[in-house]
1. Please list, by residue number, everything in segment 43-68 whose backbone N is under 13 Å from a paramagnetic label point 7 Å out along Cα→Cβ of residue 18.
2. Among 22, 51, 11, which one shows the highest mean-square fluctuation when the chain is modelled as a Gaussian network with alpha-carbon springs under 10 Å?
3. On the first, second and third principal axes, largest extent first, how far apart are the outermost C-alpha atoms of segment 1-48 in Å?
4. So for the chain, averaging the separation of alpha carbon pairs under 8 Å that are six or more residues apart and normalising by length, what relative contact order in percent results?
5. Quick one: length gained pulling residue 7 to residue 59 fully straight, 0.36 nm per residue minus the C-alpha distance?
6. If you look at just the Cα atoms of segment 22-67, how large are its Rg and its Dmax in Å?
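Please treat every number below as a calculation from the coordinates, not as lab data. Computed from a predicted model, the values in this text were never measured in an experiment. Ideal geometry is used to build each Cβ from the backbone, glycine not excepted, and the neighbour counts take in all protein chains shown.
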């Protein structure tokens, strides 16, 4: 038990699934930033534009996965 709370199998599966979604979101962001860098953009500009353009899809994916 974690903090005197039961940790069931379904909670463990949910935790693993959410961890996978978080990793996938990071991969999406990093691949987009890498594409912008290959086009010749500066690192700070690529990060800024990547965050602006990928924020909505990443948030939608995370919300759908967490709400279920």
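1. 62-68
2. 11
3. Cα extents, longest axis first: 52, 17, 9 Å.
4. Numbers: 26 pairs, mean separation 27.0, N = 68.
Rounded, it is 40 percent for the chain.
5. Details: separation 52, 0.36 × 52 = 18.72 nm, distance 2.66 nm.
Contour length minus Cα-Cα distance gives 16.1 nm.
6. Expressed in Å, the Cα Rg and Dmax of segment 22-67 come to 11.4, 38.
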